Amino acid sequence: MSELSIIQKTYDLIKWYIPILNRLPRQHKFHLGSRTIDTLYSILEGLITAKYSQNKQTQLENLNISLDILRYQTRLLFDFIETSFIPDSYSNRIGYGTHKAIRRFTHFVQSSEYVLQCDIQKYFPSIDRQILKNILRQKIKCPQTLWLIDLIIDLIIDNSNDQIPVHDYFDGDDLFTSLRRRGLPIGNLTSQFFANVYLNDFDHFVKEKLKIKKYIRYVDDFAFFSNHSTELTQVRQSIETYLATLRLKIHPIKSQIFTTKQGANFLGFRIFPTHIRVRSNNLRIGKKRICLLNQAVNLGKISVSTANLSILSWFAHLAHGDTWQLRSHICFSVKHCKAVK
């Protein structure tokens with residue numbers, strides 16, 4: 001019987017780690033990392049048992065317990081790190097989602113004359129993995145836990161979706177710089193968490209070194225607010241210098257200073273001091289989605305109730321802007337749409 005790929009990979013990883021575990025002082029062998037490796041042993045044993053079992057499904061279902069333990073161990077790790085995040089860092093955090101970010105952004109728009117909006121160019125493909133690991137090592141000292149993190153970054157991510165190649169160069173680079181491993185797959189929950197970790201020190205730099213009170217970040221989109229445009233010009237120069245240490249660059253076109261009375265784009269809305277509108281591009285996408293839902297209902301692919309749930313979810317998002325008339329118009333203007341009743 002040929003060896004299952006998942007068994008061989010799990011075996012190789014544990015075999016690679018045993019010498020490291022044996023060299024640790026006794027008092028460090030019973031921390032979170034040690035319990036995590038025990039969980040991996042349990043998973044390996046379960047996979048081998050399932051390989052020879054006639055009732056493989058039952059055996060694999062029993063492994064869900066070990067997998068759940070591993071998930072909670074990882075969550076403990078993530079929760080520990082998240083305590084260092086600033087209050088104005090949003091996305092992939094409980095209680096710090098899209099709508100809270102919009103409310104905070106709106107408050108800053110209403111109390112400021114100028115905004116510097118920035119977007120990091122090709123953020124996820126540009127993340128330098130060694131820099132990410134170094135950042136995590138500043139927070140975590142347990143070798144076993146760090147091993148698990150390295151495993152997630154190097155093995156799991158490598159087997160995920162492909163990344164767009166990034167070939168940015170910075171001062172001090174040499175011919176071997178191109179060999180640096182970069183990129184996190186967009187969409188993975190671990191990638192979203194690591195993306196927040198990667199810019200966490202940048203957040204503290206903004207708050208504690210630059211002393212910027214009105215600052216907000218949602219993944220790789222962030223904004224600074226002030227009543228003086230010259231201050232924001234200086235801020236831009238400072239953050240470009242800092243981001244270079246992370247091997248990141250802000251988008252040269254999308255990163256600009258505007259007056260807040262012109263409105264600022266953020267998370268699908270254009271936010272003004274007096275009102276909030278839906279961006280036209282998002283509106284077109286939403287209307288197209290309703291039409292596709294209508295077609296799916298007519299073809300019997302989905303039920304009316306399912307389509308309604310999807311539309312109500314979008315309407316709930318729109319409700320965070322001044323969109324009552326817009327929502328009413330959409331309901332009555334989309335012809336022959338069974339999904340809207």
Does N294 satisfy the criteria of being at pLDDT below 85 and in contact with a Gly (Cβ under 6 Å, 6 or more places away or on another chain)?
-> no
Among (1) without any contact (Cβ under 8 Å) to a residue 40 or more places away in the chain; (2) more than 27 Å from E231 (Cα to Cα), where does K211 come up short?
-> (2)
Return the only residue of K301, K249 being open to solvent by 40 Å² or more (accessible area, probe 1.4 Å) and under 25 Å from the mean Cα position of the chain (by Cα).
-> K249
More than 30 Å from L132 (Cβ to Cβ) and surrounded by 15 or more Cβ atoms within 10 Å (Cβ to Cβ): does that describe V278?
-> yes
Scan the stretch 306-325 for residues that are among the polar types (S, T, N, Q) and outside any helix (DSSP H, G or I) and jot them down.
-> T323
In the stretch 104-128, which residues are in a helix (DSSP H, G or I) and either without any contact (Cβ under 8 Å) to a residue 12 or more places away in the chain or open to solvent by less than 20 Å² (accessible area, probe 1.4 Å) (or both)?
-> F105, T106, H107, F108, V109, Y123, P125, S126
In the stretch 261-275, anything assigned to a helix (DSSP H, G or I) and either open to solvent by less than 10 Å² (accessible area, probe 1.4 Å) or over 10 Å from Q110 (Cα atoms) (or both) is listed as Q262
Given (1) of a type in the set (S, T, Y); (2) at pLDDT below 85; (3) open to solvent by less than 60 Å² (accessible area, probe 1.4 Å), Y96 misses just (2)
Would you check which residues across the stretch 215-242 are open to solvent by 30 Å² or more (accessible area, probe 1.4 Å) and polar (S, T, N, Q) and list them?
-> N227, S229, T230, T233, Q234, Q237, S238, T241
I153 being at pLDDT 75 or above, crowded, with 18+ Cβ neighbours inside 10 Å, aliphatic (A, V, I, L, M) and farther than 30 Å from Q262 by Cα = yes
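The values are calculated or read from the model by the stated rules, or taken from the named source; none is laboratory data. Note that the coordinates shown come from a computational prediction; the quantities given were computed from them, not determined experimentally. All Cβ positions, even for glycine, are placed from backbone atoms using ideal geometry, and neighbour counts span all protein chains on display. For the accessible areas, the whole protein counts, side chains as well, though only heavy atoms, and no ligand, DNA or RNA atoms are used. Shrake-Rupley method; radii C 1.70, N 1.55, O 1.52, S 1.80 Å.
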